[in-house]
Each structure stands twice: as C-alpha cells, then as structure tokens.
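Accompanying notes for the structure given below.
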Amino acid sequence: MSDPSTQKGDFLSNLGKVYGYYTGGFVGFVLFLAVLEQVGVPNRIIGYLFVFLTIGVYALIGYLSRTAQVSEYYVAGRRVPAFYNGMATGSDWMSAASFIGMAGTLYLLGYDGLAFVLGWTGGFVLVAILLAPYLRKFGAYTVPDFLGARYGGNFARFCGVIVLMSASFTYVVAQIFGTGIIASRFLGISFELAVFVGLAGILVCSMLGGMRAVTWTQVAQYIILIIAYLIPVVLLSAKVTGVPIPQLMYGQAIEQIEMLRVTKEALAGAPSHITPFQTYDMLNFFGLIFCLMVGTASLPHILMRYFTTPSVRDARQSVAWSLFFIFLLYFTAPAYAAFAKLEVFQNVIGSPIASLPDWVRIWSDIGLVSVRDANSDGILQFREFTINADAIVLATPEIAGLPYVIAGLVAAGGLAAALSTADGLLLAIANALSHDVYYRMIDPGANTKRRLTVARALLVVVALVAAYVASTRPAGILAMVAWAFSIAASGLFPALVMGVWWKRTTSAGAVAGMIVGYGVCLFYLIGTQYYAMPLWFGVRNISCGLFGIPAAFVTTWVVSLITTAPSKDMQDFVESIRTPRGGVRLVAGEKVLD
C-alpha cells in the first residue's frame, strides 16, 4: 500500500493536470447535454442531470479528500498553494449573493447597485493590508483562536464565537435559500422541500474532509461557476453587438435601454439605469460600501481560508489571486444586468399578456415573477411586471431564448456558488463550536476522534436549522448577506484590527468593544426589520454596521485606555506578528497547531 504522504505530494504536484482534465470533462459534459437537447430529451431530464451530477462530483471530491487528522480537517494541512487557495477563496466568497443576486440587483437598481460591487471588492484590500498575513503568522485554526490568545482568556474567545455564529448563520441561510430557488425551478419541486435537497452535497464535502475536502471542492466549484456565469452573457453580447466581449460592449446595451425607456410607451415610469442615487441616497450608498468593505475583512469563513496557506507570504499572494478570480465575475455582473434588462425591455414589456413566454409562468409559479393587468388592456406595462432580483441571472438564458442547456449550465453555476459558500460557512460554525467551545473551553483533553465527531454532529444540526429558516423565506438573498456583513464587521473587525495594530488594546477593551458593537448593530437591525423602529438618520438596516462599527472602535479604545496595559510579553508578541518575514509565532502557552 502506498504511503499517504506520497499520494498527497503527487496530488499537489499535479494540480494543474488534475483540474485541467476536470475542466475538459465538464465542458464535454455540457456539450453532451446540448446534443441530448437537440435530439429531443426533455428539459426536465437535462435539469436533473445538471443538478445531480454536479453535486455528485462535489460529493466524490469530498469522499476522496476525507480525513481523520485534526490539522487536515481544520486547516487543510496548510499545504494549499496560493493560486489554488485564491481560487477556493473566490468560490467561497462568490456565494449565491454574488452569482444570483448581484446582477439582479444591478438590473433593478442600476447605478445604485454598484455599491455592492465596490464594497465587496474593496474589502479584499483591507484583508490584504490589515489582517490576512498577520493572522496567518499567528498560526491559528480559527478567528476565535486569535481572540482567545491575543486577549488572554476564554471570554474573548466566547464573544468571538457568538458573533461568528450570528454572522455565519445569517449568511448560510441565504445560501440555502439560493439552492432552494435553483432546485425548485430545475427539479420541479416545492421551494420548502428544495432547500433540503442541496444539503446533501454540502454535508458530504464538509463532514468527511473538513477544510481539506472543502478546499479542493471549492476549486472545482469555481471552475463551474465562472464558466456558467460567462457563457450566457458572452452569447448575449455577440447577439446584440456582434462582439463576444460583454465587459467592453455592454455600453451599447445601456444606450438602447435608455432610448427604449424614453420612446417605448409601455416603459413609462421605468427609472434610468445610469442615474445615481435613485434608490439609495448618498449616505446609504456610501454607508453600504463602507459596511460591505469592513464586513469582507471580518468574515470568519474568509479569514479562515488564509490559515490554510504554507506561509505568511502565500497568505498575501492568496489575497491577490482571490481578487483576480473575484474580478472575473464582478467585472461581468454589470454587463449581465444590462443585457438581461435589454432583453426584457425589448421582448417582454409591451407584449400581449396572453402570449407571454413560458418562462414568465414558470418563474411566477416559484413566486419570483409577477404579472398583473392593472390597465385591463391586455398589454404588459412596465409597472405591471415585477421580477425578483434573485431570478434575473437564472432566468436570463430563457428570457433571451438561448438553448435550455445554457439555463441548466447557469443553474449548475448558481448551485456551485451557493454550495461552496455554504460549505465554508457551515465549517466555520462547526469548527468554532467544536474547537473553540468544546475543545478549548469544555473538554481540553478530548481526543481527535471525539473532536471530529462533535464537529460533524454540530455541522449537521446547524445545517438542518439553517435549511428550516431558509424555507420560511425570511428575506431576499442580498439583504440577508448584507446583514451578515454588518454583524461580522461590528462584532469582530475592531477587535481583530486593534489586536494587531495597537499594542495597548486590552482584553477588557476588546471584549467591551465586541459586546457594544454587536449589540448596537443587532438592536438596530432587529428593531427596524421586525418592530417598525424608526430609522436613525434615514440609514437602512442593510447598513446597520454604520452604527455598530464606530461604537465598537470607540468603546475598545476608551476601555483600553482606562484599564491596565497588556504585559510586555504580549506587546512583544503583537510586534512580532506585524513583521512580514519569519515563521509562525504563538502566544506563550499556546500549542503549535500545524
């Protein structure tokens, strides 16, 4: 029997070849389904094949990457090259919100939707400059690990776990909501049942192999999601402009949209696609950008990815690769929105309601499209047609009359985006509970088998609860994700940044800051969302971090100044992790986790 370490080495040295074959196989699979469509295979069968075979591939990768080693389960053995870690991070990051929701939001909001693109992209600059290399040099498994060691006690660790749980759970509900939309549409089942269908692939990957399995699965999922995202909009660009480069040509689509908005009678009342501050005023626009940027640099499941790199230098390079892979989708999203809106304005609005295409009825059955004949004239007017932001990307191939295999491909991409992020989030939650609460605080003597059993059991419980919450349709995908960012930013960002960059930050200051920031953010969010509390200064609750973040910083600073300074050893430790060169450093008394 061959040595496992040799097998791992062979795999890592052949990553390019392995994923090259995988990409070629997926392209061949899509072409095969295109042939099946041409010979008359029913659309539903093609939808089933896309959904179940892609989930099957992810499950297979999870099975082949299974592990019973703690270091492999939590941090993938810290042998993931920067290029592939960047790709996995891109997949982990580009959730259902990015794949499904972003272009839809740009479709509905036009210019104002750019707040999401700017905030999420800009956040990785903060990750690279302020946190990723230094947290990697610390040598932790999880974000609460850093908090517990830096601030010398389990109370800081426990506060970090609470914030992590709140933000990650809100985020994972949004991902499962996205899988429910896809499964409901392409499998022909109810949404309430569909949210549980996607859990199978998620649980196999994250339960068997932990971070190791999730990492290699997310690389595979990125390849699928980026192919699925680019192909429809490339075809639309070629169809409308004759040039298959949508990122450069969508200006022509916007020109036609603006012209139709003015000249087509049925489009009376349609807002401009390019005029700023129609939905968000200036305060809400820039406030949302700020919250999303800081939230990006605070999300535990993203920061956890940089614990998997071989070195501090690789952590910094991983951030750069992450930005590149995310850029490919984000640079395309405005074009996707413009070409989709042009198709709707040209071919749907102004058409007889009795002869609308089948996709309108199909998406109406799911509850994401609404048509009403308010004028009783039988002609669809702009104000009589409502389409949910979460339906735009998934429905665009059908809206544009592209082959059904393209619609199935987009569904597979959306599923890959939702599953990859759900994997990372569930793993972050389960790891926090099993490692930071159970192992660090309850049973420090627990052996490897017991720790992994606890992690997997908790993962299943959290997944089932999240699926149940998602089935109740609590809000749109993008709103839930924005809430998660503000929660993470308010509760974690000040403690993390000041813990690295201000030696004088004390345990009492960090804990007080986490409690105050998290509390203010949650109070505003819950009060305005569920109890009709008046908005403060007109700030919408998707930017609730605008109050929680400064409250946390000020509290941390003030309390740190009036409490005893950290020990000299701790201040020297903080100095050491800010040095770019050198090996991993640990606080005295901490174990080496590699």
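We did not get these values from a lab; they are worked out from the coordinates using the rules stated. Fair warning: this is a prediction, and the values are worked out from it, not measured in the lab. Note that each Cβ is placed from the backbone with ideal geometry, even for glycine, and that neighbours are counted across all protein chains shown.
A few points about this structure:
- The chain: angle of helix 507-530 to the longest principal axis, Cα-based, in degrees nearest 10: 20
- Averaging 1/r over every pair of different alpha carbons in the chain and inverting the result gives a Kirkwood radius of 24.5 Å.
- Radius 12 Å from Cβ of A266, net charge of other residues (Lys, Arg +1; Asp, Glu -1): 0
- Around P474: net Lys/Arg minus Asp/Glu count, Cβ-Cβ under 14 Å: -1
- Exposure proxy ranking for F493, F325, F523, F186, based on other Cβ atoms within 10 angstrom of each Cβ and starting from the fewest, stands as F523, F325, F186, F493.
- Among Y222, Y19, the ranking by other beta carbons within 10 Å of each residue's beta carbon, starting with the fewest, stands as Y19, Y222.
- Global form of region 210-297, assessed from the alpha-carbon gyration tensor, a/c cut-off 1.5: oblate
- When the charge dipole of the chain is built from unit charges on Cβ atoms (+1 for Lys and Arg, -1 for Asp and Glu) and taken about the Cα centre, the candidate among N14, G25, G104 whose Cα reaches farthest toward its positive end is N14.
- Net charge in the neighbourhood of G47 (other residues with Cβ under 15 Å of its Cβ; Lys, Arg +1, Asp, Glu -1) is -2.
- Distance from the alpha carbon centroid of region 16-56 to that of region 242-278 works out to 34 angstrom.
- Shown for region 12-477: lysine pairs separated by 8 or more places, or found on different chains, whose C-alpha atoms are under 29 Å apart, numbering 4.
- Two-site label geometry, K17 and D569: point separation in nm, points 7 Å out along Cα→Cβ: 5.0
- Region 428-463 versus region 523-573: alpha-carbon centroid distance in Å: 29
- Sorted by Cβ density within 10 Å, fewest first, the residues L328, L409, L425: L328, L409, L425
- Only Lys, Arg, Asp and Glu carry charge here, each on its Cβ (+1 for the first two, -1 for the last two); on that basis region 216-345 has a dipole of about 320 debye about its Cα centre.
- With contributions of -39500 (n - 2.57) from each DSSP H run of at least four residues, the per-residue ellipticity at 222 nm computed over the chain stands at -23000 deg cm²/dmol.
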